[in-house]
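The values are calculated or read from the model by the stated rules, or taken from the named source; none is laboratory data. Everything numeric here is computed off the predicted structure, so don't read it as measured data. For neighbour counting, all protein chains shown are included, and Cβ atoms are generated from backbone atoms with ideal geometry for every residue, glycine included. In case anyone asks, the SASA skips ligands and DNA or RNA and just uses the protein heavy atoms, side chains included. Shrake-Rupley method; radii C 1.70, N 1.55, O 1.52, S 1.80 Å.
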Amino acid sequence: MLHIINRSPLSDIALESCLNTAVGGDVLLIEDAVYAATAGNAFEGKLRAAMGRFKISVLRPDLEARGMADRLIEGATFVDYAGFVELVAANKTCQSWL
Amino acid sequence: MKFGIVVNEGPYQRQASDSAYQFAKAAIEGGHEVWRVFFYHDGVNNASKLTEPPQDDRNIVNRWTKMAEEHKVDLVVCVAAAMRRGIREENLAAGFRISGLGQLVECGTKCDRLITFGD
Amino acid sequence: MSDVKKFMFVNRKAPYGTIYALESLEVVLITAAFDQDVSLVFMDDGVFQMKKGQQTKGIEIKNFSPAYRALDGYDVEKLYVDKESMDARGLTEDDLLVDVTVLSRAEMGALMDEQDVILSF
């Protein structure tokens, strides 16, 4: 399954809940959730710990817009909107953690 | 592949409608079909033709209208949510139509994928 | 409708502060009316939607919590509550409006994986 998160993990527990609940699969960080995959943020450790179970993708246009595209952590992968579409198509279901 | 999209937030306040639009655009460019976009909660405000953003900003409402015209995307606004928020036939932008929640359920049953954008 | 799918509604938001909980319930009822296989999940602050004794007179917002008791009549019987979320909010099953199935995080994750369509509000 594809899990889509749009909130910063520093102000909302959506990402943490997702990582604690879902059995695994793809996680796509969009909008304010992209901060989760930047070097030095307080959630970085938790995201890294989840990388064994989840494949972490980050929507590049959102990270670029926020001036943080040079800080993507190792192990996370950039996708553009076309990649976003491919992720949705490749997974049988997708869940937006709103 | 046939996509259904749900938009739960209005334009400009949140990024949800922008993200949904960019996703829909990329899906169409990728050769997929965006069968229907269902606007729910404050998302119904995306259908107001009274919207007038500053000239140097994107026009979210017109963008949806144009997509509907060019790619036959069915833009459906939830009637109950719309009535609560003052979206009526009188102020409905071109390309949008008002209908019931059954259209959302249908999005789930008929589409290969249903993806929600909200907050 | 011939094609029956497994729809799961994930509620993670508290009632009244925003309208999501109420409008989510409206979708649930319609989905059930279309004879789909409906599951409702309450986790994180969403568990507060199920709290007994909601009195909304003072805020003049419609108290929609009685509708959860009526779900049975719409054949919506799969109600799941996340145990960890209840624990973190000082709630127990006795605090809830209706009978639910309490699940661990792992059980919840497995259940999500079985769905065809997941909607969250």
Checklist entry - Which loop trypsin sites (Lys or Arg not before Pro) in the stretch C:47-100, with loop taken from DSSP, have no more than 15 other Cβ atoms within 10 angstrom of their Cβ? => result C:52, C:62, C:89
Next on the checklist: To the nearest hundred square angstrom, how large is the accessible surface buried between A and B, total for both chains, probe 1.4 angstrom?
Outcome noted: 1500 Å²
Checklist entry - Is there a simple number for the mean count of other chain Cβ atoms within 10 Å of the Cβ of residues in C:108-117, and what is it? => result 6
Next on the checklist: Kirkwood Rh and Cα-based Rg: tell me the resulting Rg over Rh for the stretch B:36-100, rounded to two decimals.
Outcome noted: 0.95
Checklist outcome for this item: dims of the stretch B:2-117, Cα set, principal axes, largest to smallest, nearest Å -> 34, 32, 23
Next on the checklist: What whole-number volume per residue, in cubic angstrom, does the convex hull of the C-alpha atoms of chain C give?
Outcome noted: 94 Å³
Item to check | Accessible-area composition of the stretch C:6-120, carbon plus sulfur, in percent [1.4 Å probe] | outcome: 49 percent
Checklist entry - Counting only Cα, what are the radius of gyration and maximum Cα-Cα distance Dmax of the protein assembly as shown, in Å? => result 19.4, 56
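Could you work out the relative contact order of chain B, using alpha carbon pairs under 8 angstrom and six or more residues apart, expressed as a whole percent?
Relative CO of chain B lands at 38 percent.
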Item to check | Å² per residue, accessible surface of the stretch B:2-117 at 1.4 Å | outcome: 41 Å²
Checklist outcome for this item: Simple spin-label estimate for residue C:62/residue C:101, 7 Å along Cα→Cβ, in nm, reads 3.0 nm
Checklist entry - Between residue A:11 and residue B:99, how many nm apart are label points set 7 Å from Cα along the C-beta direction? => result 3.6 nm
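Take the Cα radius of gyration of the stretch A:2-96 and divide it by 2.2 N^0.38 Å, with N its residue count; two decimals is plenty.
Against the empirical 2.2 N^0.38 Å value, I get 0.95 for the stretch A:2-96.
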Checklist entry - Which of these, C:17, C:58, C:46, has the largest mean-square fluctuation under a Gaussian network model of chain C (Cα springs below 10 Å)? => result C:58
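Sequence gap at least 6, Cα distance under 8 Å: using those rules, report the relative contact order of chain A to the nearest whole percent.
Here the relative contact order equals 36 percent.
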Item to check | Choice from C:64, C:34, C:42 with maximal GNM fluctuation in chain C (Cα, 10 Å cutoff) | outcome: C:34
Next on the checklist: I'd like the distance separating the alpha-carbon centroids of the stretch C:86-121 and the stretch B:43-119, in whole Å.
Outcome noted: 31 Å
Checklist entry - Under a 1.4 Å probe, what is the accessible area of the stretch A:2-96 per residue, stated in Å²? => result 39 Å²
Checklist outcome for this item: When B and C pair up, the total accessible heavy-atom area removed from solvent (1.4 Å probe), in Å² to nearest 100, is 1700 Å²
Checklist entry - Per residue, how many Å² of accessible area does chain C show with a 1.4 Å probe? => result 45 Å²
Checklist entry - If one takes the accessible area of chain C alone plus chain A alone and subtracts that of the pair, with a 1.4 Å probe, what total in Å², rounded to the nearest 100, results? => result 1400 Å²
Item to check | residue C:37 paired with residue A:80, simple spin-label distance in nm, labels 7 Å along Cα-to-beta-carbon | outcome: 3.9 nm
Checklist entry - So, with a 1.4 angstrom probe, what is the percent of accessible area on the stretch B:2-117 that is carbon and sulfur? => result 43 percent
Checklist entry - How well do other chains shield peptide C:44-56, expressed as the mean number of their Cβ atoms within 10 Å of each residue Cβ? => result 1
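Just the number, please: carbon plus sulfur as a percent of the accessible area of chain A, 1.4 Å probe, no ligands or DNA/RNA counted.
Working: 1830 of 3730 Å².
Summing carbon and sulfur atoms, their accessible area is 49 percent of the total for chain A.
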Checklist entry - Looking only at B:77, B:61, B:37, which one moves most when chain B is put into a Gaussian network model with springs between Cα atoms under 10 Å? => result B:61
Item to check | Per-residue mean of C-beta atoms belonging to partner chains within 10 Å, peptide A:6-14 | outcome: 2
